[in-house]
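Structure record follows, encoded as structure tokens.
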Amino acid sequence: MLFKQQAWLRQKLLVLGSLAVGSLLYLVARVGSLDRLQPICPIEGRFSGARSQAEFPLRALQFKRGLLHEFRKSNNASKEQVRLHDLVQQLPKAIIIGVRKGGTRALLEMLNLHPAVVKASQEIHFFDNDENYAKGIEWYRKKMPFSYPQQITIEKSPAYFITEEVPERIYKMNSSIKLLIIVREPTTRAISDYTQVLEGKERKNKTYYKFEKLAIDPNTCEVNTKYKAVRTSIYTKHLERWLKYFPIEQFHIVDGDRLITEPLPELQLVEKFLNLPPRISQYNLYFNATRGFYCLRFNIIFNKCLAGSKGRIHPEVDPSVITKLRKFFHPFNQKFYQITGRTLNWP
């Protein structure tokens, strides 16, 4: 009899132990990584909502973000579910406005590591597209992801930076919005721009000029400023148009070259600019030797690398053309440093 009771007790303890371990693993998966299980500071002075910020810690946002992921995954959230969970579609409080081939997608995905940030997955092209802009601000709002009032929505459309009408249009929506510009060394960016177009042409079995023929005017042997890839890299010319509407304090310059090789310091600067409590850590970023880039770790279960189209191999370019382009960009770069207050390590 005693033996049976002991056997029954051991079996009971085994079941209870299994339930406890299962519950612990479930909580870890839903709340976040093990190294994040620590006291979390509340969000400070940035977001408004029904609950006070002191009552809404980051861990709560992180847990609720898991619910958001489930809604997006199931793609069938009812209006009642949306209402019960206080979900809203907010206009962005920050926009990555450019530049093309500067690392806008990488920046957006990395900022999405922060539990208080929700990203628009697609480029909206609202402010740079007349047809979309004519649909109105509510159309734009409905293109935003569902989020909680205490979270910050961010979108990115790199064409915004170079499109003349965009600064005024964004100003009319929100004159105090935060604007992020990610830049790379201008000649490298221009070649990257060319490489993306070249790949598209080759995919359609079309021929395309060599970079040298497009970047250098054959008649004058000078840099061809009519070539869009060159024109986009004259950052100061575009920035001056934005400064007619926004003070420089509303812009943050991200070093796209450094984001590739050493992303965490750049992301920490952006957290500070957006008044977010520091939350992205080295744990969230791991180097993938096969890809040659940093990938993202959200928790012990979910990792993500950027699309395979990122990091295309650039064609070889005549060194004399590279030298000519760098000499051309140099005075514009110096002015860019002066205006923004950030000096970048460009030749």
For residue 224, placing the label point 7 angstrom along Cα-to-beta-carbon and taking segment 191-206, residues whose amide nitrogen sits under 19 Å are 191-202, 206
Rounded to whole Hz and in sequence order, give me ³J(HN,Hα) for segment 199-206 from the Karplus expression 6.51 cos²θ - 1.76 cosθ + 1.60, θ = phi - 60°, writing x for Gly and Pro. 4, x, 5, 5, 5, 9, 6, 9
Show 225, 232, 340 ordered by accessible area, largest first, where the area counts protein heavy atoms only and the probe is 1.4 Å. 225, 340, 232
Multiply the residue gap between residue 86 and residue 202 by 0.36 nm, knock off their C-alpha separation, and tell me the result in nm, one decimal place. 37.0 nm
What translational D, rounded to a whole number of µm²/s, comes out for segment 63-340 from Stokes-Einstein when the hydrodynamic radius is the Kirkwood one over Cα pairs, at 37 °C and 0.692 mPa s? 162 µm²/s
Any chance you could run the full-extension gain for residue 129 through residue 245? It's 0.36 nm times the residue separation minus the Cα-Cα distance, nm to one decimal. 39.8 nm
Explain nothing, just the number: relative contact order of segment 63-340, from Cα pairs under 8 Å at least 6 residues apart, as a whole percent. 21 percent
With 30 Å as the limit, write out which pairs from 201/272; 93/304; 228/304 have Cα-Cα distances beyond it, or answer none. 201/272; 228/304
A correct Karplus calculation of ³J(HN,Hα) over segment 138-154, with 6.51 cos²θ - 1.76 cosθ + 1.60, θ = phi - 60°, whole Hz and x for Gly and Pro, returns 5, 4, 5, 4, 6, 7, 7, x, 5, 8, 9, x, 7, 9, 10, 8, 10
Under the Karplus relation 6.51 cos²θ - 1.76 cosθ + 1.60, θ = phi - 60°, what is the ordered set of whole-Hz ³J(HN,Hα) values for segment 321-337, x standing for Gly and Pro? 6, 4, 4, 5, 5, 5, 5, 5, 6, 3, x, 5, 4, 4, 5, 4, 4
Counting only protein heavy atoms and a 1.4 Å probe, tell me what percentage of segment 63-340's accessible area is made up of carbon and sulfur. 51 percent
About the Cα centre of segment 63-340, what is the dipole size in debye to 20, counting +1 per Lys and Arg Cβ and -1 per Asp and Glu Cβ, all else neutral? 440 debye
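The values are calculated or read from the model by the stated rules, or taken from the named source; none is laboratory data. Small disclaimer: the values here were computed from a predicted structure and weren't measured. FYI the Cβ positions are ideal-geometry reconstructions off the backbone, even for glycines, and counts take in every protein chain you see. Remember, those area values only see protein heavy atoms, side chains included, never the ligands or the DNA or RNA. Shrake-Rupley method; radii C 1.70, N 1.55, O 1.52, S 1.80 Å.
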